[in-house]
Amino acid sequence: MQRNLLVVGATGRTGGYTTGLLLERGHRVRALVRGLDGRAERLAALGADVVEGDVLDLDSLAEVTKGIDALYFTYPIRPGLMDATANVGQAAEENGVQAIVNMSQISARRDTASNAARQHWVAERVLDRSPVPVTHLRPTFFAEWLINMWDGSGTLRFPFAGGRHAPIAASDQAKVIAAVLEDPAPHAGQIYPLYGAEELDHYEIAEKMSRALDRKVTYVPIELDEFKAILEQRGTSPHMIQHLLAVAIDYRNGVFSGMNDLVKTIGGVAPLDVQGFVAQNRSFYDNYSA
């Protein structure tokens, strides 16, 4: 059955993949974007109804949710999540939206040291109080972390000690998001932790990357102060730095570890493994320049 679906943050990684999947499956997709850039133009070319707006502006959000059956909501790690969440809940209620799929994170909990992770936990509770049924997704570290933090040196310098996680690609998360948007009722009220194909430590991740790239990649554990200096040098915002330093400790303590089969059982396809993900994105690594 064709549905009218809204993707908030459609030019982001999960949002972009989700928009593409839904359009391929014959749904009408409204893509909310903050600016009409090249990414927005590509979504329009695929057939999306691209609308420029801001989740921090309730009026524009109320307008874009008119006629929508279900929506996907994601917000970057920056200030404003609580206002954006309240606006999404209000606009969805006003316009009779039947379901919300909310992107949270695996470290979301009340007693976390991360401001961003705690805000995600509170945001979940805010949406839980809405009359609109909601499904929360809590992914572990994205596989895209291995792209975002790549510096071209062949060395992964992270403060994760020997902690483990199963990196999950944004494209695999999109399969879950799309499936829930298509048939939200069975998933209403659920909190789904999402994992990739295999749980690894960063020594093993570096080995998998080495195989995919045909060159040596090495993991070097570092301390938090060195990691903070790296982030500051990269121009990372204070909000993001505070979050990453806190979740690095969470990571060491096993908060990001675990496995399940939700990507396959809900999304319909087994998730991509690290070696496959890196091979799929090899052109980025081969053409990288600092």
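Straight Cα distances below 18 angstrom link Lys175 to the lysines Lys264, with same-chain residues fewer than 8 positions distant left out. Considering helices alone, the calculated mean residue ellipticity of the chain at 222 nm is -13000 deg cm²/dmol, with DSSP H runs of length four and up weighted by -39500 (n - 2.57) and normalised per residue.
Quote to one decimal, in nm, the extra length available between Arg42 and Glu223 on full extension: 0.36 nm per residue of separation minus the C-alpha distance between them. Mind showing how you got there, number by number?
Values: separation 181, 0.36 × 181 = 65.16 nm, distance 4.08 nm.
So the chain would gain 61.1 nm between Arg42 and Glu223.
Could you compute how fast the stretch 130-259 diffuses translationally, taking Rh as the Kirkwood radius over C-alpha pairs and applying Stokes-Einstein at 20 °C with viscosity 1.002 mPa s? Give it in µm² per second. After rounding, the answer is 132 µm²/s.
What does the convex hull of the Cα atoms of the chain come to per residue, in Å³, rounded to a whole number?
On the way: hull volume 35.9 nm³, N = 290.
Normalising the Cα hull of the chain by residue number yields 124 Å³.
With the cut-off at under 14 Å, measuring from each backbone N in the stretch 108-148 to a point 7 Å along the Cα-to-Cβ line of Asn253 picks out 108-115, 117-118. Evaluated with a Cβ-only charge set (Lys, Arg +1; Asp, Glu -1), the chain carries a dipole of roughly 280 debye about its Cα centre, given to the nearest 20.
At a 10 Å Cβ-Cβ cut-off, how would you order Trp145, Trp121, fewest neighbours first? Don't skip to the answer; put the middle values down first.
Details: Trp145 16, Trp121 20.
Starting with the residue having the fewest Cβ neighbours, the order is Trp145, Trp121.
Please work out the Cα center distance from the stretch 188-264 to the stretch 1-28, rounded to the nearest Å. First find each Cα centre; the distance between them is then 27 Å. Per residue, the Cα convex hull of the stretch 1-137 amounts to 96 Å³. Computed from the Kirkwood radius of its Cα pairs, the Stokes-Einstein diffusion coefficient for the stretch 117-176 at 10 °C and 1.306 mPa s stands at 110 µm²/s.
Here the relative contact order of the chain, from alpha carbon pairs under 8 Å that lie six or more residues apart, stands at 18 percent. Length gained on full extension, Arg78 to Ser153: 24.2 nm, using 0.36 nm per residue less the C-alpha separation.
Modelled spin labels at Ile241 and Glu93, positioned 7 Å past Cα toward Cβ, are 3.9 nm from each other. Rounded to the nearest 10 degrees, the inclination of helix 81-94 to the longest alpha-carbon principal axis of the chain is 30 degrees.
Could you calculate, for the stretch 1-40, the ratio of the Cα radius of gyration to the Kirkwood radius, expressed as Rg to Rh?
Values: Rg = 9.8 Å, Rh = 10.1 Å.
That ratio is 0.97, to two decimals.
The label point for Glu182 and the one for Glu204, both projected 7 Å from the Cα toward the Cβ, are 3.1 nm apart.
Taking neighbour counts of Cβ atoms within 10 Å as a proxy for exposure, in what order, fewest first, do Phe227, Phe277, Phe284 appear? Before the final figure, lay out the partial values.
Values: Phe227 18, Phe277 26, Phe284 12.
Ordered by Cβ neighbours within 10 Å, fewest first: Phe284, Phe227, Phe277.
Summarising the amide proton neighbourhood of Leu272: residues at separation of 5 or more, or on other chains, whose placed amide H is nearer than 5 Å comprise Ala169. Scalar couplings 3J(HN,Hα) for the stretch 6-22, obtained by applying the Karplus form with A = 6.51, B = -1.76, C = 1.60 to θ = phi - 60°, are 10, 10, 7, x, 5, 8, x, 5, 5, x, x, 4, 5, 4, x, 4, 5 Hz; x denotes Gly and Pro.
Helix 224-233 and the longest principal axis of the C-alpha atoms of the chain enclose an angle of approximately 70°.
For the stretch 144-192, the alpha carbon positions stretch 46, 21, 11 Å along the principal axes, listed from largest to smallest.
Every number in this text was worked out from the coordinates using simple rules, so none of it is lab data. Predicted model, so just to flag it, every value in this text is computed and none were measured. Don't worry about glycine lacking a Cβ; one is built from the backbone with ideal geometry, like all the others, and counts go over all protein chains shown.
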